[in-house]
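Asker: Here it is, the structure in full.
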Amino acid sequence: MLKILVSLISIIFLSSCAKYENTTSYKILIKAKSNLSFLDTGFVDVYSNKTVVKLFSASSVVSTITLGVSSICIDKICMPYDRFNKKFLNELYPDKLLKNIINKNPIYDKQNLIKTNNGFIQNIRLNNIEIEYKVSNKEIYFKDRLNRIKVEFYKL
C-alpha cells in the first residue's frame with residue numbers, strides 16, 4: 001500500500017513540472033539551406049517554457065526540434081538561436097524567428113502587421129530579405145523569396 005501511495009505522489013509531482021498547453025497536428029514543409037529540408041506530417045507541442053516539433057515520416061518520428069528559452073535543439077544537438085540562423089536560415093534574421101513562426105507570433109517587432117479575421121499578415125522587405133508571413137487558424141506560412149527559405153504548417 002505504501003509503495004502505491006509513494007508511486008502516486010511521485011507521478012503527480014513529476015507531471016506538474018512542465019506545464020503542458022496543447023498539441024496540434026500539421027502537414028509541415030521546411031525548406032531552407034541545402035542542409036535543412038522536410039516535407040511530411042508532425043506534431044507541435046507547446047509548453048510554458050518550450051515548443052517541441054516532432055517530425056514524422058511513415059508513422060515514425062524522424063526528428064525532434066525543441067525550441068527553448070535560449071537555444072534550439074535538433075534531436076539532441078543544441079545551439080544558440082543565432083548560430084542556428086547562421087547555419088540553417090539566414091544570419092540576418094532575429095534570433096528567435098523560427099520559434100515565433102511556429103508559435104504563431106508576429107516577427108520583426110510587428111513590422112507591417114495587418115490583422116485579419118483569423119490571424120495576421122506581414123510583408124517585410126529589408127536588405128537581402130523579402131518575407132511574406134501569414135498566420136491563420138489553419139496555417140502558418142513563411143517565405144523569404146530572396147533567400148529561398150520556406151516554412152509551412154497546415155493544420156490537419
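The values are calculated or read from the model by the stated rules, or taken from the named source; none is laboratory data. Keep in mind that what you see is a predicted model, and the values were worked out from it rather than measured. No Cβ is skipped: glycine too gets one built from the backbone with ideal geometry, and neighbour counts run over all protein chains shown.
Asker: Looking at residue 116, is it surrounded by 13 or more Cβ atoms within 10 Å (Cβ to Cβ) and more than 20 Å from residue 145 (Cα to Cα)? Even if it seems obvious, please write down each step before you answer.
Answerer: Values: surrounded by 13 or more Cβ atoms within 10 Å (Cβ to Cβ): no; more than 20 Å from residue 145 (Cα to Cα): yes.
In short, no.
Asker: So for segment 126-135 (the condition being under 13 Å from the mean Cα position of the chain (by Cα) and closer than 24 Å to residue 35 by Cβ), does at least one residue qualify?
Answerer: No, that holds for no residue.
Asker: Among the residues of segment 71-80, is any modelled with pLDDT under 95 and among the polar types (S, T, N, Q)?
Answerer: The answer is no, given that none of the residues of segment 71-80 is modelled with pLDDT under 95 and among the polar types (S, T, N, Q).
Asker: Any chance you could count how many residues in segment 133-153 are farther than 22 Å from residue 44 by Cα and surrounded by fewer than 15 Cβ atoms within 10 Å (Cβ to Cβ)?
Answerer: The number of residues fulfilling the criteria is 3.
Asker: Same structure, new question: Just to be sure, is residue 54 of a type in the set (Lys, Arg) and either out of contact with any strand residue (DSSP E or B) (no Cβ under 6 Å at 6 or more places or on another chain) or on the phi > 0 side of the Ramachandran plot (or both)? Show your work before the answer.
Answerer: Numbers: of a type in the set (Lys, Arg): yes; either out of contact with any strand residue (DSSP E or B) (no Cβ under 6 Å at 6 or more places or on another chain) or on the phi > 0 side of the Ramachandran plot (or both): no.
No, not satisfied.
To keep it simple, each residue is scored yes or no on (1) assigned to a helix (DSSP H, G or I); (2) touching a helix residue (DSSP H, G or I) at 6+ places or on another chain (Cβ under 8 Å).
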| position | (1), (2) |
| --- | --- |
| 23 | no, no |
| 35 | no, yes |
| 78 | no, no |
| 82 | yes, no |
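Asker: Given the criterion under 16 Å from the mean Cα position of the chain (by Cα) and modelled with pLDDT under 95, identify the matching residue among 142, 153, 88.
Answerer: Numbers: 142 fails: modelled with pLDDT under 95; 153 fails: modelled with pLDDT under 95.
Checking each option against the conditions leaves just 88.
Asker: Given the conditions (1) over 19 Å from residue 23 (Cα atoms); (2) loosely packed, with under 15 Cβ neighbours inside 10 Å, which single one is not true for residue 156?
Answerer: Here residue 156 meets the rest and fails (1).
Asker: For residues that are surrounded by 13 or more Cβ atoms within 10 Å (Cβ to Cβ) and either of a type in the set (Lys, Arg) or out of contact with any strand residue (DSSP E or B) (no Cβ under 7 Å at 6 or more places or on another chain) (or both), tally how many sit in segment 61-72. Spell out how you get there, then give the answer.
Answerer: Of the residues in segment 61-72, the ones surrounded by 13 or more Cβ atoms within 10 Å (Cβ to Cβ) are 62-68, 71-72.
Filter again for either of a type in the set (Lys, Arg) or out of contact with any strand residue (DSSP E or B) (no Cβ under 7 Å at 6 or more places or on another chain) (or both), leaving 68.
Qualifying residue count for the region: 1.
Asker: Out of everything in segment 92-106 that is hydrophobic (A, V, I, L, M, F, W, C) and under 19 Å from residue 154 (Cβ atoms), what residue ends up being surrounded by the most Cβ atoms within 10 Å (Cβ to Cβ)?
Answerer: Our first condition is that a residue be hydrophobic (A, V, I, L, M, F, W, C); within segment 92-106, this holds for 92, 97-98, 101-102.
Retained after the next criterion (residues that are under 19 Å from residue 154 (Cβ atoms)): 98, 101-102.
Numbers: 98: 25, 101: 20, 102: 23.
Result: 98.
Rundown of residues vs (1) β-branched (Val, Ile, Thr); (2) in contact with a Phe, Trp or Tyr (Cβ under 7 Å, 6 or more places away or on another chain); (3) loosely packed, with under 15 Cβ neighbours inside 10 Å; (4) free of Cβ contacts under 8 Å to residues at least 40 places away in the same chain, yes/no style:
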residue	(1), (2), (3), (4)
30	yes, yes, no, no
44	yes, yes, no, no
59	no, no, yes, yes
76	no, no, yes, yes
81	no, no, no, yes
85	no, yes, no, yes
90	no, no, no, no
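Asker: Could you please let me know if residue 49 is out of contact with any Phe, Trp or Tyr (no Cβ under 7 Å at 6 or more places or on another chain), under 25 Å from residue 129 (Cβ atoms) and part of a loop (DSSP other than H, G, I, E, B)?
Answerer: Details: out of contact with any Phe, Trp or Tyr (no Cβ under 7 Å at 6 or more places or on another chain): yes; under 25 Å from residue 129 (Cβ atoms): no; part of a loop (DSSP other than H, G, I, E, B): yes.
Considered against the rule, which asks whether it is out of contact with any Phe, Trp or Tyr (no Cβ under 7 Å at 6 or more places or on another chain), under 25 Å from residue 129 (Cβ atoms) and part of a loop (DSSP other than H, G, I, E, B), residue 49 comes out as no.
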